[in-house]
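The values are calculated or read from the model by the stated rules, or taken from the named source; none is laboratory data. Small disclaimer: the values here were computed from a predicted structure and weren't measured. Every residue, glycine as well, gets a Cβ built from its backbone with ideal geometry; the counts of neighbours run over all protein chains shown.
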Amino acid sequence: MVSRRTVLRSLGVSTVGVQGFGEFSVATASARSVAASPDSIREHRHFRFDAERSRLLQRYEYRLPDSVSALIVRSGWFDLDEVTVIETDEFVEDSFELYSTEVTGYRWTQDGTPSFELSMDYGEELLPNGLGGYSSETSVFGSQINPYPYWVTEDGADGSDVERSVLFEQDGYAGTDWLFIGPHQIAQRDVGKMTHTVVVPDDIEGTIDTESLLDVFEAGGRYLEPRLTTNNGVTAFIMNNWRTGSDSSAQVVGRDIRFTKSATSVDGISNVPTHEYIHTIYGIFGTEEMFWLREAAAEYYGYLLALHLNHGTFDRFVETVRTDRYRDIVLAETGPDNNRASTYYKGAHVLAALDGQIRARSSGENSLDDVIPTAEYDLSTYDGFVNAVTEAAGDESLSDWIDRYTQTTALPTIPVEPEQYTLGTASPDTFVVARSDSETRSQGQSTAQGESPPADSQDALDEITGGVDAESGVLLGSAGMSLLAVIAKLYEDHRSS
């Protein structure tokens, strides 16, 4: 049996910032089609929560035009122990390749209306204990399997596009990749052709500032070009802090974000919602020596978005971007299990300086915003990234600058002029430049809002624990070391210094 981690990684649903596979966003208990064409294949999704057995039931039914002669449906979810296909109609099981991974799928028998139903067991109230979702006596939060269809017509045409509709048997809401069934409230905002949504279960303890979250999503669309083109709005699913257990306080899949209640605050230049929103429009990119770019881009553009929303002063923005932390780390040598925290902080610092270099060398014609959102640029490799940046800057010698600050421990100087950080047609005159009295007083409390701890305490924590997770504030590493032991070690180091 393939492991859950292997399957989810092959589907791209276990890593923050992956573009999802759903093509719809449907609320309420009624179905709504995404598109309309008399010759289209229609996929009807039916979702139901079996509270007695703590399982999520998903039924997928395909309505095929007469011109379709073959249909297969594939998904890595079929290979997980916690997922059981309980019924098929006019489908036979088969094996297929999906993104270089062999997965289970179903082939249409070419007779009747094909469908399948599966159950996903969510027998726990904490996220880490079951498929990245949870169930309680009255609700379930879980994943849609988003199967990959492939069809062929009698005249030889083929494709994978289908129209999708959703039906809930109970009160529920579906984003692109996740769904929630149970008592809840929603807040929505229409922005152009998109509808952004915040889903708040009735069991949430306290209140959620849904308007501020919607402000972030709306402003993101106004100031930033997406690398991932979609007509889907962002859906934010909120849950109580204790639900996540050892998992991070926020995660993105497709256009969906799940937040713990404490991670929904948008106060300050560094905050979780702006960072996670960036993942929904840029996705992830970069492997091996470019691993650092995925979180560095989300962190830097999260800071920029917060600045444009006036969530902090320009002075505070510069202080947040500028860092001496992880000075001895080489960004090109980082990875999922190697100094990952440095990719947030040092990575954002380097991108801010690189942004300034592109603006200066292109005489203000281009910026980093002409690189990251451009899907035609291959940012997964070092050569692809260098080519993209030098083309935007109009200066091939910038490759030497990139070599120095990503392949060595050197740390560049960042610009300090407000006009170096504008997005789109925004004016630097809209930035709040001077620090207010209230911001000065709150600086010491910034860690709780996701800001960086003071450098001296951070260095000590990094030495003992491996750093602090940029999103959740959870200590990294330090297996077996209790909080009391960490405090004792800090005190011992302080006395001996």
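A few notes on this one:
- Count of residues meeting criterion [over 28 Å from the mean Cα position of the chain (by Cα) and either buried (at least 19 other Cβ atoms within 10 Å of the Cβ) or among the aromatic types (F, W, Y) (or both)] in the range 364-407: 3
The rows are residues; the columns are (1) at pLDDT below 95; (2) among the small types (G, A, S); (3) at negative phi; (4) surrounded by 21 or more Cβ atoms within 10 Å (Cβ to Cβ).
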site: D215; (1), (2), (3), (4): no, no, yes, no
site: T235; (1), (2), (3), (4): no, no, yes, yes
site: W242; (1), (2), (3), (4): yes, no, yes, no
site: S249; (1), (2), (3), (4): yes, yes, yes, yes
site: A263; (1), (2), (3), (4): no, yes, yes, yes
site: G268; (1), (2), (3), (4): no, yes, no, yes
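- Residues being charged (D, E, K, R) and modelled with pLDDT under 50 - total across the range 419-450: 3
- Complete set of residues in the range 388-412 that are part of a loop (DSSP other than H, G, I, E, B) and without any contact (Cβ under 8 Å) to a residue 24 or more places away in the chain: E396, S397, A410
- Residue match in the range 101-112 (condition: within 24 Å of the chain's Cα centre (by Cα), of a type outside the set (V, I, T) and in the same structural domain as S67 (by TED's automatic domain parsing)): no
- The residues in the range 307-324 that are touching a His at 6+ places or on another chain (Cβ under 9 Å) and part of a helix (DSSP H, G or I) can be counted, and the count is 1.
- The residue pairs whose first member lies in the range 328-340 and is in contact (Cβ under 8 Å) with a residue 12 or more places away in the chain, whose second member is exposed (fewer than 13 other Cβ atoms within 10 Å of the Cβ) and hydroxyl-bearing (S, T, Y), and whose beta carbons are closer than 8 Å, counting only pairs six or more residues apart or on different chains, are V330/T408.
- Members of the range 274-293 found to be within 10 Å of the chain's Cα centre (by Cα) and either of a type outside the set (D, E) or not in a helix (DSSP H, G or I) (or both), listed by number: H275, Y277, I278, H279, T280, I281, Y282, G283, I284
- Scan of the range 63-94 for residues that are farther than 14 Å from N146 by Cβ, in contact (Cβ under 8 Å) with a residue 40 or more places away in the chain and part of a strand (DSSP E or B), ordered by number: R63, V68, S69, A70, L71, I72
- Hits in the range 43-56 - residues which are in a strand (DSSP E or B) and crowded, with 18+ Cβ neighbours inside 10 Å: E43, H44, R45, F47, R48, F49, R55, L56
- Residues that are surrounded by 13 or more Cβ atoms within 10 Å (Cβ to Cβ), of a type in the set (S, T, N, Q) and touching a helix residue (DSSP H, G or I) at 6+ places or on another chain (Cβ under 7 Å), drawn from the range 408-433: Q420, T422
- Considering the range 347-387, the residues that are out of contact with any helix residue (DSSP H, G or I) (no Cβ under 8 Å at 6 or more places or on another chain) and part of a loop (DSSP other than H, G, I, E, B) include one that is farthest from R227 (Cα to Cα), namely S363.
- Here V166 does not fit the description of being under 15 Å from F237 (Cβ atoms), among the β-branched types (V, I, T) and at pLDDT 95 or above.
- Meets criteria (buried (at least 18 other Cβ atoms within 10 Å of the Cβ) and either closer than 30 Å to L98 by Cβ or over 24 Å from the mean Cα position of the chain (by Cα) (or both)) for V198: no
- Of everything in the range 301-316 that is of a type outside the set (G, A, S), buried (at least 24 other Cβ atoms within 10 Å of the Cβ) and in contact (Cβ under 8 Å) with a residue 60 or more places away in the chain, the residue that is nearest to F431 (Cα to Cα) is L307.
- Flag for S100 being surrounded by 15 or more Cβ atoms within 10 Å (Cβ to Cβ), in contact (Cβ under 8 Å) with a residue 60 or more places away in the chain and of a type in the set (G, A, S): no
- The single condition among (1) loosely packed, with under 15 Cβ neighbours inside 10 Å; (2) more than 24 Å from the chain's Cα centre (by Cα) that Q185 does not satisfy is (2).
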